[in-house]
Amino acid sequence: MKVLILGGTGMLGTDIAAIMEKAGHDVIVHGSQETDITGLDCVIKTAAAHKPQVIINSAAITDVDKCEAEPDNAYRVNAIGPKNAAIACRKFKAKLVHISTDYVFDGEKGSPYTEFDAPNPVNIYGKSKLLGEDFVKSICNDYCIIRVAWLFGTKRSHFVDYVADSLVKGSEIIAVKDMVSSPTYAADAASMISKLAVSEEAGTFHSCNKGYCSRVQLVEEIMKITNKKGPVKVVNQSQWLRLAKRPAFSALKNHHLGLIDKDEMAGWRDALKRYMRYKLNK
Ligand SMILES: NC(=O)c1ccc[n+]([C@@H]2O[C@H](COP(=O)([O-])OP(=O)(O)OC[C@H]3O[C@@H](n4cnc5c(N)ncnc54)[C@H](OP(=O)(O)O)[C@@H]3O)[C@@H](O)[C@H]2O)c1
């Protein structure tokens, strides 16, 4: 299949591209330099030039505090961006696979969110991503919205790298107690996204490594895997001054995938071990 990946230069997009190329698909990878998703003419021009059967939108402003500081930019990329991709998909009869987030939820439920729970974002990042989902649903005939959470992968630095690198340096690790979600290996999410992209499936899916933990438990697990200990400062969100509030409990359950017998996602501990093995051996 011919697949265009917008945000293909990011952490998840890079893994999706690698998996789809390996599977023999004709993959076109665009970052913001090649296609600025905020411009409708630009997205349509790209779609017209390549005529993909599937567009995967992994482009986003993912820095949650930056979204809070620059809301117009967040809404432009995270909401108008998917709107533009949806219009292009409708025009060229392509399927849209749009990547979204656990941060569409408010974190008040106290147990993992399913696709049937009502979103209620608490920060600009979540609000802009939810608006993006809404545009996709209202414009596209053929779409999958795939929500992931707490990604760690090989392309760029993230919380798992911060912890592992701090353990090597012996520097203090700050871990927030009241932030709980489903840590997910970008490679695992990319594999599921690639399968859904070329399938007949449609609708909203959660696709995370199974289970959940707090940032503190994630630090403890990384210490266990690396057999290294270091100073950890455990704080609450109220003591960890950041521009954007984070949902306290945004773990996701892959309920939709489970109902259709397609939930092949591994547990987060297993995924973390595989990532750490890669990191320690590279
Ligand atoms: N990271 C997480 O923990 C996490 C958690 C939940 C959900 N998600 C979702 O997963 C998806 C992928 O996240 P990620 O962490 O892989 O992202 P990332 O590494 O931050 O990469 C972001 C991508 O978006 C592109 N981009 C930014 N502005 C753009 C614009 N105006 N036009 C076109 N492309 C633009 C970037 O392109 P350039 O680099 O070329 O500028 C880059 O390819 C996003 O939808 C995100 O909301 C991520």
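The values are calculated or read from the model by the stated rules, or taken from the named source; none is laboratory data. In this text the structure is predicted, and so the values were computed from the model without any measurement. FYI the Cβ positions are ideal-geometry reconstructions off the backbone, even for glycines, and counts take in every protein chain you see. Side chains included, ligands, DNA and RNA excluded: accessible areas come from the protein's heavy atoms. Shrake-Rupley method; radii C 1.70, N 1.55, O 1.52, S 1.80 Å.
Miscellaneous remarks
- Candidates in the range 143-171 are the residues that are more than 28 Å from P71 (Cβ to Cβ) and loosely packed, with under 15 Cβ neighbours inside 10 Å; of these, the one that is nearest to the ligand (Cβ to nearest atom) is D165.
- Residue in the range 233-246 that is without any contact (Cβ under 8 Å) to a residue 24 or more places away in the chain, surrounded by fewer than 22 Cβ atoms within 10 Å (Cβ to Cβ), out of contact with any Lys or Arg (no Cβ under 6 Å at 6 or more places or on another chain) and among the charged types (D, E, K, R) present: no
- When S199 is tested against the conditions (1) over 18 Å from D102 (Cβ atoms); (2) in contact (Cβ under 8 Å) with a residue 24 or more places away in the chain; (3) hydroxyl-bearing (S, T, Y), the lone failure is (2).
- The range 207-216, residues that are more than 16 Å from E172 (Cα to Cα) and out of contact with any helix residue (DSSP H, G or I) (no Cβ under 9 Å at 6 or more places or on another chain): S214
- Qualifying position, being touching a strand residue (DSSP E or B) at 6+ places or on another chain (Cβ under 6 Å), open to solvent by 40 Å² or more (accessible area, probe 1.4 Å) and more than 20 Å from L6 (Cβ to Cβ), among I174, I225: I174
Conditions (1) under 16 Å from the mean Cα position of the chain (by Cα); (2) outside any helix (DSSP H, G or I); (3) among the basic types (K, R), marked per residue:
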site	(1), (2), (3)
V43	no, no, no
A47	no, no, no
R76	no, no, yes
G81	yes, no, no
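- Within the set N78, N73, N57, N84, the sole residue that is open to solvent by less than 60 Å² (accessible area, probe 1.4 Å), within 12 Å of the ligand (Cβ to nearest atom) and in contact with a Ser or Thr (Cβ under 6 Å, 6 or more places away or on another chain) turns out to be N78.
- Check on C89, modelled with pLDDT of 95 or more, under 27 Å from K155 (Cα atoms), open to solvent by less than 20 Å² (accessible area, probe 1.4 Å) and more than 9 Å from the ligand (Cβ to nearest atom): no
- Residues being within 21 Å of V198 (Cα to Cα) and among the charged types (D, E, K, R) - total across the range 39-82: 1
- Residue within the range 94-115 that is assigned to a loop (DSSP other than H, G, I, E, B), under 24 Å from G258 (Cα atoms), within 11 Å of the ligand (Cβ to nearest atom) and within 20 Å of the chain's Cα centre (by Cα) present: no
- Residue check, S182 within 15 Å of the ligand (Cβ to nearest atom) and surrounded by fewer than 23 Cβ atoms within 10 Å (Cβ to Cβ): no
- N123 vs. criteria modelled with pLDDT under 95 and not aliphatic (A, V, I, L, M): no
- Test result for V64, touching a His at 6+ places or on another chain (Cβ under 7 Å) and either at positive phi or crowded, with 19+ Cβ neighbours inside 10 Å (or both): no
- Any hit, the range 15-36, residues being more than 8 Å from the ligand (Cβ to nearest atom), open to solvent by 40 Å² or more (accessible area, probe 1.4 Å), touching a strand residue (DSSP E or B) at 6+ places or on another chain (Cβ under 7 Å) and assigned to a strand (DSSP E or B): yes
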